[in-house]
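Below you'll find the structure, written out as structure tokens, and then a few comments.
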Amino acid sequence: MAEGFKGKLNIYTCGTCRGHVVTKDLDEGVTPFMMECRATAGCRGDMRSSMYRVYDQEMRPDFEWYRPTAVEVVEPPLRDHVSRGGLLIRPARRAA
């Protein structure tokens with residue numbers, strides 16, 4: 001069985017502003033190769049995944065990918081995405 005990405009970091013880089021964010025997979029599931037820019041406020045660019053090629057797995061994540069509960073999934077397109085193994089993104093929770 002192939003190793004999953006649960007617990008792994010990934011970096012997404014924006015092709016427009018050149019900003020980047022670090023994400024962490026909290027659960028097993030599918031994450032997108034591209035997403036809207038989350039690095040720079042107002043940027044309308046697309047971010048691309050580094051495909052989990054992150055040398056320092058101890059970096060602090062900016063966002064985390066998680067499997068939502070059924071209650072959290074409200075919009076029908078998200079229900080379909082999650083039912084097919086997709087994860088959702090949220091700001092990373094910081095340790096106190």
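The values are calculated or read from the model by the stated rules, or taken from the named source; none is laboratory data. Please read all numbers here as calculations on a predicted model, not as lab measurements. Heads up, the Cβs are rebuilt from the backbone with ideal geometry, glycines too, and the neighbour counts pull from every protein chain shown. With ligands, DNA and RNA removed, areas are computed over all heavy atoms of the protein, side chains included. Shrake-Rupley method; radii C 1.70, N 1.55, O 1.52, S 1.80 Å.
Scan segment 1-31 residue by residue and report those that are without any contact (Cβ under 8 Å) to a residue 12 or more places away in the chain and of a type outside the set (A, V, I, L, M, F, W, C).
Going residue by residue through segment 1-31, those that are without any contact (Cβ under 8 Å) to a residue 12 or more places away in the chain are 1-3, 18.
Within segment 1-31, Glu3, Arg18 qualify.
Looking only at segment 1-41, count every residue that is under 14 Å from Leu87 (Cβ atoms), in a loop (DSSP other than H, G, I, E, B), open to solvent by 50 Å² or more (accessible area, probe 1.4 Å) and of a type in the set (D, E, K, R) and tell me the total.
3
Looking only at segment 56-87, which residues are surrounded by 14 or more Cβ atoms within 10 Å (Cβ to Cβ), of a type in the set (D, E, K, R) and modelled with pLDDT of 95 or more?
Scanning segment 56-87 gives Asp62, Glu64.
Could you tell me which of the residues Arg44, Arg53, Arg90 is surrounded by 10 or more Cβ atoms within 10 Å (Cβ to Cβ) and under 16 Å from the mean Cα position of the chain (by Cα)? Outline the logic, then answer.
Working: Arg44 fails: under 16 Å from the mean Cα position of the chain (by Cα); Arg53 fails: surrounded by 10 or more Cβ atoms within 10 Å (Cβ to Cβ).
When all the criteria are applied, what remains is Arg90.
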